[in-house]
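Enquirer: Once you've had a glance at the structure underneath, I'll fire off some questions.
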Amino acid sequence: MKPGVSVLMPALNEEKTIAGTIERVLQQQDVEVELLVIHGQSVDRTGEILDGIAARDPRVRVIPNPRNLIPIALNLGLNAAGHEFVARIDAHSEVSPDYLSRGVAWLLRNDRLASVGGCRKGVAFTPVGRAIALTLSSPAAIGDSINHFATEPQLTDHASWGVTRAAAARAIGGWDESLLVNEDVDFDHRLIQAGHLIGFDPAMVIGWHVQETLPRLFRQYRRYGRGKGQMIRKNGAGAIRLRHLVPPGFVAAGGLLLVAGLARPAVWLLLAPYGALVALASVKAWRTRDRSAETSAAVLPASFAAVHTGWGLGMLEALAFNRQPYLASGNSQLKTATPTR
């Protein structure tokens, strides 16, 4: 008998990608899949697409999410899940055919493991987007976050698109509905606090649809930075890693140098080392590109700067002024004005 996995898929305005994502979930090998799509109040064709898929395949259930928030969606899905294992898979992603079965195999081999996640690879459809994807696979952009580039199976502190024991998820109360962003990192933090382990398997591959423009990349990482700041306000110093502190430190120092340079322009030369490091990181990233697809070389340095400054500014805003993240990185339009809290 195949093990069962309930896939939890929050969805809001995902008409461009959700059909393909669902198809890959339903084609997962060596597991019984129950797909729970928790749908917010989309203004595009997402609802129509979901209704058509659910009418054709009884494994797909659509659960309304009138409050639209991702952690609320995940908890609605967790409450409805009928299998021993659950897996979060976002509606703008692609997972390898054995993603779920590999995750379940890890959990069956080790009772201390509560969750296992895979390696995120950027997917894009334009030259600018492909440059952004290269940036988001570079340690110079995202620090020592092994979920983006590690090549060896290992224990970690966070599982991207985690395959998780449903009982462990319920025991810690699911996802924190007060967090608009970083609810997944907070969830894993609490799993570890409860005595569980979390695994990383690079053979579990996630094709993550990245932003296709620099303004949207900056907005996304500003949102992530605010989310991290809110998580740190909640959990304290135990939730901080060195990579989290570098961007806000850079933004604070860079801002002071820019202001000081208005009076003494020579001060701006102190920003030159950062420019050199970004140039070096861009060259390294460029060498890893897919030469069969056009990629914008000029965008690479700017995308590194967008990630660093967006994250750093957002984190400072959250820590200093308690600013909340935006509802979504992409299209956050809603059909009604239903409150999100």
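Enquirer: With contacts defined as alpha carbon pairs under 8 Å and 6 or more residues apart, what's the relative contact order of segment 187-341 in percent? Walk me through the intermediate numbers first.
Expert: Working: 128 pairs, mean separation 68.8, N = 155.
Reported relative contact order: 44 percent.
Enquirer: In segment 242-290, what is the volume of the convex hull around the alpha carbon atoms, normalised per residue and reported in Å³?
Expert: Details: hull volume 4.4 nm³, N = 49.
Output value, Cα hull per residue: 90 Å³.
Enquirer: Which shape class, rounded, prolate or oblate, goes with segment 1-42 when its Cα gyration tensor gives a ≥ b ≥ c as root eigenvalues, a/c under 1.5 marks rounded, and past that a/b bigger than b/c marks prolate?
Expert: Details: a/c = 5.42, a/b = 1.94, b/c = 2.79.
It comes out oblate by the Cα gyration axes.
Enquirer: Sticking with this one: Under a point-charge model restricted to the Cβ atoms of Lys and Arg (+1) and Asp and Glu (-1), what is the dipole moment magnitude of segment 149-217 relative to its Cα centre, in debye to the nearest 20? Don't skip to the answer; put the middle values down first.
Expert: Values: 4 positive and 10 negative charges, 32 e Å.
Approximately 160 debye in magnitude.
Enquirer: Here's something else I'd like to know. To the nearest 500 deg cm²/dmol, what mean residue ellipticity at 222 nm is calculated for the chain from DSSP H runs of n ≥ 4 alone, each contributing -39,500 (n - 2.57), summed and divided by the residues? Before the final figure, lay out the partial values.
Expert: Details: 12 runs with 155 residues, N = 341.
Rounded to the nearest 500, it is -14500 deg cm²/dmol.
Enquirer: Report the net charge of residues surrounding Thr17, where surrounding means a beta-carbon distance below 10 angstrom and charges are Lys +1, Arg +1, Asp -1, Glu -1. Let's see the in-between values first.
Expert: Details: positive: Lys16; negative: Glu14, Glu15, Asp90, Glu94.
Computed value for this residue: -3.
Enquirer: Also: Along the charge dipole of the chain, Cβ charges K/R +1 and D/E -1, which of Ser6, Ala141, Gly47 sits furthest on the positive end?
Expert: My answer, from the dipole projection, is Ala141.
Enquirer: About the Cα centre of the chain, how large is the charge dipole given +1 on each Lys and Arg Cβ and -1 on each Asp and Glu Cβ? Please answer in debye to the nearest 20. Kindly include the intermediate steps, with their values, before the conclusion.
Expert: Numbers: 36 positive and 29 negative charges, 187 e Å.
With Lys and Arg at +1 and Asp and Glu at -1, about 900 debye.
Enquirer: Suppose every K and R has +1 on its Cβ and every D and E has -1 on its Cβ; what is the size of the dipole of segment 182-341 about the Cα centre, in Debye to the nearest 20? Write down the numbers at each step before the final one.
Expert: Values: 19 positive and 9 negative charges, 71 e Å.
Value, rounded to 20: 340 debye.
Enquirer: If amide H atoms are built 1.01 Å from N in the plane of the peptide, which residues on other chains or at least 5 residues away come under 5 Å of the amide H of Thr213?
Expert: Under 5 Å from the amide H of Thr213 lies no amide H from a residue far enough along the sequence or on another chain.
Enquirer: For Ser332 and Leu242 in the same chain, what is the full-extension length gain: residue separation times 0.36 nm, less their Cα-Cα distance, in nm? Let's see the in-between values first.
Expert: Numbers: separation 90, 0.36 × 90 = 32.40 nm, distance 3.11 nm.
Answer, rounded to one decimal: 29.3 nm.
Enquirer: Rounded to the nearest 0.05, what FRET efficiency do Phe321 and Lys2 have when you use their Cβ-Cβ distance and R0 = 51 Å? Walk me through the numbers on the way to the answer.
Expert: Working: r = 50 Å, r/R0 = 0.98.
Using R0 = 51 Å, I get an efficiency of 0.55.
Enquirer: Running Debye on segment 30-180 with equal point scatterers at the Cα sites and no solvent, what base-10 log of I(q)/I(0) appears at q = 0.10, 0.12, 0.18, 0.19 Å⁻¹?
Expert: Log10 I(q)/I(0), no solvent term: -0.42, -0.61, -1.30, -1.37.
Enquirer: Now, a different point. What is the local net charge at Pro64, summed over the other residues whose Cβ is closer than 13 Å to its Cβ (Lys, Arg +1; Asp, Glu -1)?
Expert: On the way: positive: Arg61, Arg67, Lys335; negative: Asp51.
Counting the neighbours of Pro64, the net charge comes to +2.
Enquirer: What is segment 160-217 by shape, rounded, prolate or oblate, if you read a ≥ b ≥ c off the alpha carbon gyration tensor as root eigenvalues and call it rounded for a/c under 1.5, prolate for a/b larger than b/c, and oblate otherwise?
Expert: On the way: a/c = 2.86, a/b = 1.52, b/c = 1.89.
Oblate, because a/c is 1.5 or more while a/b does not exceed b/c.
Enquirer: Using the heavy atoms of the protein chains and a 1.4 angstrom probe, tell me the accessible area per residue for segment 161-287 in square angstrom.
Expert: Working: 5830 Å² over 127 residues.
That works out to 46 Å² per residue.
Enquirer: Can you give me the C-alpha center-to-center distance between segment 126-165 and segment 172-237, rounded to a whole angstrom?
Expert: Comparing the Cα centres of segment 126-165 and segment 172-237, I get a distance of 12 Å.
Enquirer: Check the chain and count each lysine pair with an alpha-carbon distance under 30 angstrom, considering only pairs eight or more places apart or from different chains.
Expert: Lysine pair count for the chain: 9.
Enquirer: So, with a 1.4 angstrom probe, what is the percent of accessible area on the chain that is carbon and sulfur?
Expert: Answer for the chain is 59 percent, counting heavy atoms of protein chains only.
Enquirer: Then there is this: Work out how much length Leu258 to Ala55 would gain on full extension: take 0.36 nm times their residue separation and subtract the Cα-Cα distance, in nm to one decimal. Please report the intermediate quantities before stating the final value.
Expert: On the way: separation 203, 0.36 × 203 = 73.08 nm, distance 5.78 nm.
Gain on stretching Leu258 to Ala55: 67.3 nm.
Enquirer: For segment 14-29, what does the Karplus curve 6.51 cos²θ - 1.76 cosθ + 1.60, with θ = phi - 60°, yield as ³J(HN,Hα) per residue in whole Hz, taken in order and with x for Gly and Pro?
Expert: 10, 4, 6, 10, 5, 5, x, 4, 4, 4, 5, 5, 5, 9, 4, 8
Enquirer: Here's something else I'd like to know. Over the residues of the chain, compute the C-alpha Rg and express it relative to 2.2 N^0.38 Å. Walk me through the intermediate numbers first.
Expert: Values: Rg = 20.2 Å, N = 341, 2.2 N^0.38 = 20.2 Å.
So the chain has a normalised radius of gyration of 1.00.
Enquirer: Any idea what % of Cα-Cα pairs in segment 264-322 are farther than 16 Å?
Expert: Numbers: 1006 of 1711 pairs.
That tail contains 59 percent of the Cα-Cα pairs.
Enquirer: With no solvent and one point per C-alpha, what does the Debye sum give as log10 I(q)/I(0) for segment 119-232 at q = 0.15, 0.17, 0.23 Å⁻¹?
Expert: Ignoring solvent entirely, the Cα scatterers give -0.74, -0.94, -1.39.
Enquirer: Follow-up. Report the per residue volume, in Å³, of the convex hull enclosing the C-alpha atoms of segment 1-118. Don't skip to the end; give the middle numbers.
Expert: Working: hull volume 11.6 nm³, N = 118.
Dividing the Cα hull volume of segment 1-118 by its residues yields 98 Å³.
Enquirer: Same structure again: Measuring with a 1.4 Å probe in the full set of protein chains, what accessible area per residue, in whole Å², belongs to segment 59-113? Intermediate results must be reported in sequence, preceding the final value.
Expert: Working: 2250 Å² over 55 residues.
Per-residue accessible area for segment 59-113 comes out at 41 Å².
The values are calculated or read from the model by the stated rules, or taken from the named source; none is laboratory data. In this text, all values refer to a predicted model and were calculated from it rather than measured experimentally. Please note: Cβ atoms are built from the backbone with ideal geometry, for glycine as well, and neighbour counts cover all protein chains shown. Accessible surface is based on the protein model in full, side chains and every heavy atom, while ligands, DNA and RNA are left aside. Shrake-Rupley method; radii C 1.70, N 1.55, O 1.52, S 1.80 Å.
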